[in-house]
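Working notes for the structure below.
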Amino acid sequence: MVTENLTGEVNRRGRIEVVCGSMFSGKTEELIRRLKRAKFAKQRVEIFKPAIDVRYSEQDVVSHDQNSIPSTPIDSSASILLLAGDIDVVGIDEAQFLDNGLVDVCNTLANRGVRVIVAGLDMDFKGVPFGPMPGLCAVADEVTKVHAICVKCGALAYVSHRLVKNDRRVLLGETQEYEPLCRDCYQRALQSEK
C-alpha cells in the first residue's frame, strides 16, 4: 500500500531494499543510515547479522568507519521470522553469509508489510555472485549498488581482491586481507598471481 503524507513524501510499506557492492564501499554505513532514520521516525526496527561476523562486535552491526547500531546475531535466516515480531523495519547486514532461505524470508516479511533493508557483498573475492545476494537483487523493489574506489588507479571498484593466500570462500577480514579493485586492476592482479 502506498500513501502520501502532508509533505508529499511517499510511505511505501512492504518492500525489499538491497544495498550491495564490494568491501569498503559503504554498504553497512548506508544500512545504518537508513535504520537510524527509521528509528528516528519512531518505527519499530529489528536488526540482524550473521553470528559468524565478529570482526568489530559480537552484537552490534559496525561499519568500517566505526558507526554502529545494536543487532541480533543469527545462525540461519529462519531465525529472522521467529525473532521479528510486530515490527515495521527489518535490517540485515552481511547477508552474503546467510543461507539461500533468506530470499523467502525477505519476501515473507515484505508481503506482511515490513520494510526489509539488506546489505551485503554481491560477489566473493573471485568475482562470483555471493550467497543469497543474486536472489535478493532479483526480488528487491530497489537495489542500490555502492562502489569503493580502486586502490590502484582511483576508478570505481568492481571487486574485493583477496591479498592473502586462502581459497576458503568465507574469510573474514579487513584491509590486511582485502583491497577494492576496478575490473582492469583486478585482471592485472590475477595475471601477476599466476
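Values quoted throughout were computed directly from the atomic coordinates according to the rules given, and no laboratory measurement underlies them. This is a predicted model, so every value here is computed, not measured. As a convention, Cβ positions derive from the backbone with ideal geometry for all residues, glycine included, and neighbour counts pool all protein chains shown.
Data for the structure
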{"quantity": "Packing-based ranking, highest mean first, of 79-86, 154-161 given that Cβ atoms within 10 Å are counted", "calculated": "154-161, 79-86"}
{"quantity": "Cα-derived Rg to Rh of region 72-117, Kirkwood definition", "calculated": "0.91"}
{"quantity": "Hull volume in cubic angstrom per residue (convex hull over the Cα atoms of region 89-161)", "calculated": "87"}
{"quantity": "Residues of type lysines that LYS27 reaches as a straight line, Cα spacing below 24 Å, ignoring anything fewer than 8 places off in the same chain", "calculated": "LYS36, LYS39, LYS42, LYS49, LYS126, LYS145, LYS152"}
{"quantity": "Burial order of peptide ranges 24-36, 140-152 (average beta-carbon count within 10 Å, highest first)", "calculated": "24-36, 140-152"}
{"quantity": "Highest-first arrangement of 181-192, 110-121, 128-139, where packing means the average Cβ count within 10 Å", "calculated": "110-121, 128-139, 181-192"}
{"quantity": "Those residues of region 95-132 whose amide nitrogen sits under 17 Å from the label point placed on ALA78, 7 Å along Cα→Cβ", "calculated": "98-109"}
